[in-house]
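Report on one structure; see the data block that follows.
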Amino acid sequence: MNLKELDLRHLIHNEVRFRELARKGTTVITRAEGSTIWDIDGRAYLDAQAGMVLVNVGYGRRELGAVAAAQMERLMYYHTYFQYSNEPAVRLAAKLASLAPEGLGKVFFTLGGAESVETAVKIARLYQRARGRADGHKIICLDLGYHGNSLGALSATAFEAHRAYYGPLVPGFVHIPSPDTFEGPFRADDPEAGRKYAALLEERILAEGPETVAAFLAEPILGVGGIIVPPDDYLKHVRRICDKYGVLLILDEVMTGFGRAGTMWACGQFGVVPDLMCTAKGLTSGYLPLGAVLVGDHVIEAIAEADFPFEHGFTYAGHPVSCAVAMENIAILEREGLAERAARMGERLKEALLARDNPYIAEVRGRGLMVAAELVRDRETRERFPEGNRAFRFDVEAGCLREGVITGIAPYRDTLMITPPLVITEAEIDRLVDVYDRVIRQEGDRRRK
Ligand code: PLP
């Protein structure tokens, strides 16, 4: 039996419909270099999705393999429970604290994004109890937010299709409208949009009862929801409101962090420091699994002051090999100025795409190499194509694939997500723009007929 048959027979893929996968067949990836990946049949693809939006330093970095091998030989595992720790975990925690926004000096390691979110939620609840808010448990989230698929992280995620069959979910998670100036109630041409979206948070805190709310949890730029960039002042208003009611601000920088949005963290672009920050993905660029929660010193101090036990942990938290690789990955990001490069390349991408004047693109937006294009039937009215059996975005995605480009799409609306490795070259950016423009026109014209 060949590998593709074995795959269909035994491997359960993420987020699939089993019958559809059996019809389509699988694509087994065997090799990668820079921004290009190859499948088992030798076909090359330009990966404009950077894996699952995480291969920030690009594929095929030999130096990361070398660091992993050396650490495996010296100490392949030791945990970080009780009084124990290991050298790479300590060094990486200190490095992250030095890179973090001011005041986020404590670090807890996880295995990925969902665990980072779950950990941040638990710490926020613990903190509220430690400071005497016995009922301080609710977490307010955004209705287009994505925070992972484990039950706690899924409870923070609003997408109905993800949640539908898995209830009951964890109680205490509530959702408010996202600061979406393309489709939401307050649009980009409203100078007050940021304040108005933030006011929805205040209304909700008051409706729930401030003493019952532990935290507001949000991505500074929403990723899976469609790369939604909030108005510039939104997070500043959010920060002020959280402070007013003693609610913690948890920012989920799992996708935006480590240079993706054109700076080390996205929150700095909005002039905001959260109380807790969730990270994963770009922390190792996917070379090994690792996540981290960066926690404000004041949060841990309050818990320590109350002498509340921190009963939380994962066997693999602070894994020395993952931590050593993360350290070298960050060194590469810094040495090669990849955050600045992402900002530069993102501008080139947006300008080039806009210059094509594509009739089916109503808006191009984003920060760094987190770029979105809104796909519509009519860009004047912003009318979308009817979804019917198959939405426009899926045809665009399939068309790009035929041209050898793997692209991201938002799962629940016609939004193209362009998030290549930060090392993508100018020539590769130009090729992406060519392919996107051609495929979107072809598929749009076909649907209009
Ligand atoms: N948070 C955000 C913002 C994400 O984009 C993701 C994954 O896409 C997650 C959390 C979940 O991360 P993981 O899949 O590593 O659990």
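If you consider only alpha-carbon coordinates, what radius of gyration and Dmax does the stretch 305-358 have, in Å?
20.5, 61
Residue farthest toward the positive end of the dipole of the chain, with Cβ of Lys/Arg at +1 and Asp/Glu at -1: which of 368, 128, 152?
With unit charges placed on the Cβ atoms, the residue in question is 152.
Report Rg/Rh for the stretch 54-112, rounded to two decimals, where Rg is the Cα radius of gyration and Rh the Kirkwood radius.
In the stretch 54-112, Rg relative to Rh is 1.01.
Over the Cα atoms of the stretch 299-443, what is the Rg over Rh ratio if Rh follows Kirkwood?
Rounded to two decimals, Rg/Rh equals 1.15.
Note down the net charge around residue 427, summing +1 for each Lys or Arg and -1 for each Asp or Glu among other residues with Cβ under 12 Å from its Cβ.
Taking every Cβ under 12 Å from that of residue 427, the sum is -2.
So what's the gap between the Cα centers of the stretch 309-365 and the stretch 77-96, to the nearest angstrom?
If we compute the Cα centre of each part, the gap is 24 Å.
Kindly state, to the nearest 0.05, the FRET efficiency for residue 315 paired with residue 389, given R0 = 56 Å and r defined as their beta-carbon distance.
So the FRET efficiency works out to roughly 0.80.
Antiparallel versus total DSSP beta bridges in the chain: what percent is that, nearest 5?
65
Shape call for the stretch 64-335 from the C-alpha gyration tensor, a ≥ b ≥ c root eigenvalues: rounded (a/c under 1.5), prolate (a/b greater than b/c) or oblate? Please list the in-between numbers first.
Details: a/c = 1.78, a/b = 1.42, b/c = 1.25.
Prolate, since a/c reaches 1.5 and a/b exceeds b/c.
Select from the chain the helices, each a whole stretch of DSSP H, whose alpha-carbon atoms run 24 Å or more along the helix axis and whose Kyte-Doolittle mean is at least -0.5; answer none if there are none.
Span-like helices here: 113-130, 338-355.
What is the ratio of the Cα radius of gyration of the stretch 363-449 to 2.2 N^0.38 Å, where N is its residue count, to two decimals? Spell out each step's value before the answer.
On the way: Rg = 12.8 Å, N = 87, 2.2 N^0.38 = 12.0 Å.
For the stretch 363-449, the normalised Cα radius of gyration comes out at 1.07.
DSSP beta bridges in the stretch 126-239, what fraction antiparallel, as a percent rounded to 5?
The antiparallel proportion sits near 10 percent.
What is the stretch 119-214 by shape, rounded, prolate or oblate, if you read a ≥ b ≥ c off the alpha carbon gyration tensor as root eigenvalues and call it rounded for a/c under 1.5, prolate for a/b larger than b/c, and oblate otherwise?
Working: a/c = 2.52, a/b = 1.28, b/c = 1.97.
Oblate, because a/c is 1.5 or more while a/b does not exceed b/c.
What percentages, rounded to whole numbers, describe P(r) for the stretch 230-275 computed over all alpha carbon pairs with 5 Å bin width beginning at zero?
In order of increasing distance, the bins hold 5, 23, 29, 24, 13, 5, 1 percent.
Where in the stretch 142-247 are there GluC sites (Glu not before Pro) that are in a DSSP coil and have at most 16 other Cβ atoms within 10 angstrom of their Cβ? Numbers along the way, then the final one.
Details: sites: 160, 183, 192, 202, 203, 208, 211; in loops: 183, 192.
In loop regions of the stretch 142-247 (DSSP not H, G, I, E or B), the sparsely surrounded GluC sites (Glu not before Pro) are 183, 192.
Rounded to whole Å, give me the distance from the Cα center of the stretch 139-178 to that of the stretch 201-255.
15
Placing unit charges on C-beta atoms (Lys and Arg positive, Asp and Glu negative, everything else neutral), compute the dipole magnitude of the stretch 208-340 about its Cα centre in debye, rounded to 20. Spell out each step's value before the answer.
Values: 7 positive and 18 negative charges, 82 e Å.
So the dipole magnitude of the stretch 208-340 works out to roughly 400 debye.
When a/c is below 1.5 the answer is rounded, else prolate if a/b is larger than b/c, else oblate, so apply that to the stretch 1-104 with a ≥ b ≥ c taken from the square roots of the Cα gyration tensor eigenvalues.
prolate
A short reminder: the numbers here are calculations on the coordinates, not readings from a lab. What you see is a predicted model; the values in this text were computed from it and never measured. Ideal geometry is used to build each Cβ from the backbone, glycine not excepted, and the neighbour counts take in all protein chains shown.
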